[in-house]
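K.L.:
Pasting in a structure now, in structure tokens, and then I'll have a few things to ask.
Since every read-out is calculated from the coordinates, none of them should be taken as a lab result. Every value quoted in this text rests on a predicted model; they were computed, and no experiment measured them. Positions of Cβ are backbone-derived with ideal geometry, glycine not excepted, and every protein chain shown enters the neighbour counts.
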Amino acid sequence: MGVKLNRVMQHYLGGIIDIELSNTLMSDPRVAALFDSVPLKTDDGTLVLPWTPNWKALRQRSTTDLTGYECLVNHVHLDNIIRDMPNAPRLRLKLALALGENLGARLCETGPVTVIVSFDGEDAIVCVHRTRPGEAWLADDLEGYTEGILVIEESPMPSLT
């Protein structure tokens, strides 16, 4: 696993050390569904999670590369799940990191994946796409972003036999 992050995200991470994800939050059906997401079967082998109901229509209208399309359909805003409660922004970030680790570890079994966690101080967004040569969703210089950015790159474990 490779992890890259910018200084803004480093700052935000220092503020969530004491945050715990409660059993109540983790057992919320919306949260459980994110952690249990299984990729849908697609004709062209793109990675599509069941988060966007109209993913087929979006594919037909998409003018971006496959990575751009996957980022469009495979992202979730955690402010839609964790609403107004104490420490909501910090909980969103902690949940985004846990979800990112989970998705990276599970989805890399069929090929390299990139998971992006972004955080603007209020909303945390998790985005996932297959890692492809010559295609990238983010700029190489993560310091150019005003929000916190953390990138997890996972690849399948090599066979030992």
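K.L.:
At a Förster radius of 30 Å, what calculated FRET efficiency corresponds to the Cβ-Cβ distance of Met157 and Asn54, to the nearest 0.05?
P.N.:
Working: r = 34 Å, r/R0 = 1.14.
Approximately 0.30, to the nearest 0.05.
K.L.:
Within 9 Å, Cβ to Cβ, of Pro112, how many net charges do the neighbouring residues add up to if Lys/Arg are +1 and Asp/Glu are -1?
P.N.:
Values: positive: Arg130, Arg132; negative: Glu153, Glu154.
In short, 0.
K.L.:
Take the alpha-carbon positions of the chain, form their convex hull, and give its projected area averaged over all directions (one quarter of the hull surface) in nm².
P.N.:
Details: hull surface 43.7 nm².
Over every viewing direction, the Cα hull of the chain projects on average to 10.9 nm².
K.L.:
Also, I was wondering about something else. Expressed as a fraction of 2.2 N^0.38 Å, the rule-of-thumb size for a compact globular protein of N residues, what is the C-alpha radius of gyration of the stretch 1-83? List each step's numbers first, then the result.
P.N.:
Working: Rg = 16.1 Å, N = 83, 2.2 N^0.38 = 11.8 Å.
Taking N as the residue count of the stretch 1-83, the ratio is 1.36.
K.L.:
Got a sec? Which residues in the stretch 123-161 would a label at Arg7 touch, if it sits 7 Å along Cα→Cβ and we count backbone N under 12 Å?
P.N.:
143-145
K.L.:
I've got another one for you. How long are the semi-axes of the equivalent ellipsoid of the stretch 67-161, taking √(5λ) for every eigenvalue λ of the Cα gyration tensor, in whole Å from largest down?
P.N.:
25, 16, 11
K.L.:
Could you pull out every one of the lysines with an alpha carbon less than 22 Å from that of Lys94, ignoring same-chain neighbours closer than 8 positions?
P.N.:
Lys4
K.L.:
If the reach is capped at under 20 angstrom between alpha carbons, list the lysines near Lys41, excluding any in the same chain fewer than eight residues apart.
P.N.:
Lys56
K.L.:
Which of Cys71, Cys127 has the fewest other C-beta atoms within 10 Å, and how do the rest follow up to the most? Walk me through the numbers before you get to the answer.
P.N.:
Numbers: Cys71 18, Cys127 22.
Starting with the residue having the fewest Cβ neighbours, the order is Cys71, Cys127.
K.L.:
Residues of the stretch 99-125 with backbone nitrogen within less than 17 Å of a virtual label 7 Å along the Cα-to-Cβ line of Phe35, please, listed as ranges.
P.N.:
Label zone hits: 99-107.
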